[in-house]
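In what follows, a single structure is set out as structure tokens and then discussed.
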Amino acid sequence: MNKSFLQVDVFTSQPLSGNPAAVVFDADDLDARTMQRIAREMNLSETVFVLAPESPDTDYRVRIFTPSSELPFAGHPTIATASAVRAHRGDLADASLLRQACGIGIVPVEVVPTEGPPIYWMTQASPQFRNTAIGPGEMSALLGCDANMLAAMPVEVVSTGIPWLIAELRSVAALASLRPDLPRIAERCRASGAVGVTVFAEHEADAPVRLRLRTFAPGEGVAEDPVCGSGNGCVAAFLARHRHASALQGGYLAEQGIEMGRDGLIHVEWTRNGDELTVRVGGQAVTVASGTLHL
């Protein structure tokens, strides 16, 4: 059995940066065990398997695997798949809107042309928030930093499709200096019902890129995720909840992967309609490899 695949770098217009994901096509005849073994073989933060749609309201269906488990949704794999499907399927090559079915339902992906690769905007699930009992002492121990490096904000579990433990640091320098205790993070996230930790810090108010992030998901077999689309969505929801008058309201640029040498640029926006909060995360994507799996 042969399966074609593409490897796509996401949140970048340049190969060998951003966050890579593998996209395997025509995967309907693969069972979950085989998908998990392929994801472990690929050894990327996520591998996506594209299946035929089950509804006329969607263009394709996906299953998403880390090296250790299946996820109902993930951000950069959603963008990777949209880019790969447009390259692979002639009927969708010029599509301006793609509709992905996954474990959380239908995720629309808008394709916005630019002078380079298009920006793929995904609308994430309605944000969910959960308080934690994690104080500065415990959080600083998890991250390997001094407690005074943490901002005076709560540590919360936030989900826009999958749950992340979200915390803010006082400076980008503090963010860059983290020495995370990965076994403790994995244990705490299991106890908190989160897939991992996403932390962020603000740049200066006049900087074109306003936030920098880092994401750790050792419980999923990913020590540090280069650029996390769902984590960025959760940070946006966190900011929308706690900083209603923030200059970040509406939209901003974020960066991630700097410490790993895989720089990524993330477009983020949120809008409110009454009590309803909508979060969108966008980024560019480039194909860096293509091939065939011989199974």
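The values are calculated or read from the model by the stated rules, or taken from the named source; none is laboratory data. Note that this is a predicted model, so its numbers are computed, not measured. Neighbour counts are summed over all protein chains in view; Cβ atoms, including those assigned to glycine, are modelled from backbone coordinates with ideal geometry.
Structural remarks
- When residues of the range 200-232 are limited to those that are closer than 14 Å to residue 180 by Cα and β-branched (Val, Ile, Thr), the one surrounded by the fewest Cβ atoms within 10 Å (Cβ to Cβ): 222
- Test: residue 219 is touching a His at 6+ places or on another chain (Cβ under 9 Å) and modelled with pLDDT of 95 or more: no
- Boolean, residue 20 is within 15 Å of the chain's Cα centre (by Cα) and closer than 19 Å to residue 217 by Cβ: yes
- Residues satisfying the stated conditions in the range 71-115, i.e. acidic (Asp, Glu) and crowded, with 16+ Cβ neighbours inside 10 Å: 110
- Looking only at residues in the range 130-161 that are crowded, with 16+ Cβ neighbours inside 10 Å and part of a strand (DSSP E or B), the one that is farthest from the chain's Cα centre (by Cα) is 150.
- Those residues of the range 107-124 which are without any contact (Cβ under 8 Å) to a residue 60 or more places away in the chain, in a loop (DSSP other than H, G, I, E, B) and not acidic (Asp, Glu), in sequence order: 113
- Residue 281 meets all of the listed conditions (1) under 16 Å from residue 125 (Cβ atoms); (2) β-branched (Val, Ile, Thr); (3) surrounded by fewer than 24 Cβ atoms within 10 Å (Cβ to Cβ) but one, namely (3).
- The residues listed here are 235, 197, 286; of these, the one that is in contact (Cβ under 8 Å) with a residue 40 or more places away in the chain, touching a Ser or Thr at 6+ places or on another chain (Cβ under 9 Å), in a strand (DSSP E or B) and surrounded by 24 or more Cβ atoms within 10 Å (Cβ to Cβ) is 197.
- Residue within the range 201-222 that is over 17 Å from residue 161 (Cα atoms), outside the structural domain of residue 118 (by TED's automatic domain parsing), small (Gly, Ala, Ser) and in a helix (DSSP H, G or I) present: yes
- Per the listing 179, 130, the residue uniquely free of Cβ contacts under 8 Å to residues at least 40 places away in the same chain and either on the phi > 0 side of the Ramachandran plot or among the charged types (D, E, K, R) (or both) is 179.
- Residue satisfying condition, being closer than 22 Å to residue 124 by Cβ and not β-branched (Val, Ile, Thr), within set 53, 67: 53
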